[in-house]
Structure formats: structure tokens, C-alpha cells
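Only one structure is covered here, and it is reproduced in the block below.
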Amino acid sequence: MMSTKSSTMDSSIANEPSTILATACPATGKEHLWEQAIGELIRTSLSFPGHLGATVLKPHTALDRQYRVITKFDSHEHMQRWYDSPERQACVVALSAFEAKPADIQHLTGLEAWFEPPQLEAHTEVAKQSHPPKYKMAVIIWIAVYATVLPMIAMLKPMVAGIHPLVSSAMLAAASVVLMTWIVMPILTRIFQAWLFPTAVKTDAAN
């Protein structure tokens, strides 16, 4: 699980949310062992600072044997600490015994981490697709903030009125990040996937 396309990150984005997107193909007949090994890798990663959760997407069809593993961190610094750690390397060695080939790995930082390509069926190259243009990402984020986050803040603000402004602001910001990351952005990305990822959707339709 060592094939990677990541490049050296600029120090200006060291504190931006980061995601590791791994596309893996277990060896035939070893899928169950691979799933156990990836579960151990995820459990190990949970002990590292900044870990925001991990998701394993299984193949949708018999023709598509690829798994996608999405691991989120609150900053690139924390993500890199896990990625370079001896603990991860040990898990990767154990995992490699059950893989048909090394996994393809991408590091997503900042806005890109919110826009993951849809999980399409058949023989698509979803993991390798470039992310949407920044203007499309900006439009979706504007919709999310205007239609969801701002009303949510207005609703919660009276509940924290008696708390120190710095603390209440931090609480509202945390609630907004959680809402955007795990609820609003995944829903909007799915709703607008044909506009955000036209190439991937066309490829899936052709198959």
C-alpha cells in the first residue's frame, strides 16, 4: 500500500484539513483477510492526534474489485505524522500480503478534501480523476454556508449567549466544521456530482 502520488506540501497549508484517499485491490480469495488488516490499520490510526475518522467503501459489483479507504485529519501536519509513522509502516507491510497490487494513494488538502469523486460502478478510474475546478468548489461551499451553516449558527447562537464570546465562537465554528464535513458537503457533492465530475459520470454511464 505504498504507491503514492503525493507531493511535498507548502508550509502555508500545513494546518489545512487533509485526507488520505487509498484505492486498493485485495488478492482473489483474500478479501476477508484484507478487510481484517485494513481494520487494524484504521484502529491504529485512531490513536494519532488530529484523526477525524475513516471510511471504507466496498466494491459495488463483482466486476469492480477496488476498495476505497478515506482517512481524514484536521491538518496536513497531523496527516503526515501518521503517514510517516513506524506504526503505519508495520500495518502496511501486514496489509501487502493480502493485496493483488500496491494501493494507489492520493493526499487531498484544503478544499479538495471536501470534494471526493462519487463511488461509481464498473471499470472507472475515479481515484485518478482530477478534482472539480475551484470555481465549482466555491459555488458548492457557498450553497452549503448560505443554506445550512448560517441558519444553524443563527439557531444555536441564543443557546450560547451566556458563554464568553471566544468560547461560544469556537463552539459554533466546531459545529459548523462537523456539519460541513460529515453531512452537508457529502450530500451536496452527491446531488451535484454530474456537474462536479462530468467525466466520471459519463464514463460510468458508458460502461
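The values are calculated or read from the model by the stated rules, or taken from the named source; none is laboratory data. Model, not experiment: these values are computed from the prediction. Don't worry about glycine lacking a Cβ; one is built from the backbone with ideal geometry, like all the others, and counts go over all protein chains shown.
Residues that are farther than 17 Å from Val93 by Cβ and touching a Ser or Thr at 6+ places or on another chain (Cβ under 9 Å) are absent from region 28-43 altogether.
Results for (1) in the same structural domain as Ala174 (by TED's automatic domain parsing); (2) among the β-branched types (Val, Ile, Thr); (3) in contact with a Leu (Cβ under 6 Å, 6 or more places away or on another chain), shown as yes or no for each residue.
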residue: Ile42; (1), (2), (3): no, yes, no
residue: Ser45; (1), (2), (3): no, no, no
residue: Gly50; (1), (2), (3): no, no, no
residue: Pro59; (1), (2), (3): no, no, no
residue: Arg68; (1), (2), (3): no, no, yes
residue: Ser75; (1), (2), (3): no, no, no
residue: Tyr83; (1), (2), (3): no, no, no
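Name the residues in region 40-62 that are part of a helix (DSSP H, G or I) and without any contact (Cβ under 8 Å) to a residue 12 or more places away in the chain, would you? Within region 40-62, just Arg43 meets the criteria.
So, in region 70-99, how many residues would count as being assigned to a strand (DSSP E or B) and surrounded by 20 or more Cβ atoms within 10 Å (Cβ to Cβ)? Summing the residues that are assigned to a strand (DSSP E or B) and surrounded by 20 or more Cβ atoms within 10 Å (Cβ to Cβ) in region 70-99 gives 3.
Checked against the criteria, Arg65 counts as surrounded by 13 or more Cβ atoms within 10 Å (Cβ to Cβ), in a loop (DSSP other than H, G, I, E, B) and of a type in the set (Lys, Arg).
Being of a type in the set (D, E, K, R), surrounded by fewer than 14 Cβ atoms within 10 Å (Cβ to Cβ) and either modelled with pLDDT of 85 or more or not in a helix (DSSP H, G or I) (or both) is a condition met by no residue of region 23-34.
When Gly53 is tested against (1) more than 19 Å from Val177 (Cα to Cα); (2) under 12 Å from the mean Cα position of the chain (by Cα); (3) surrounded by fewer than 15 Cβ atoms within 10 Å (Cβ to Cβ), exactly one condition is not met: (1).
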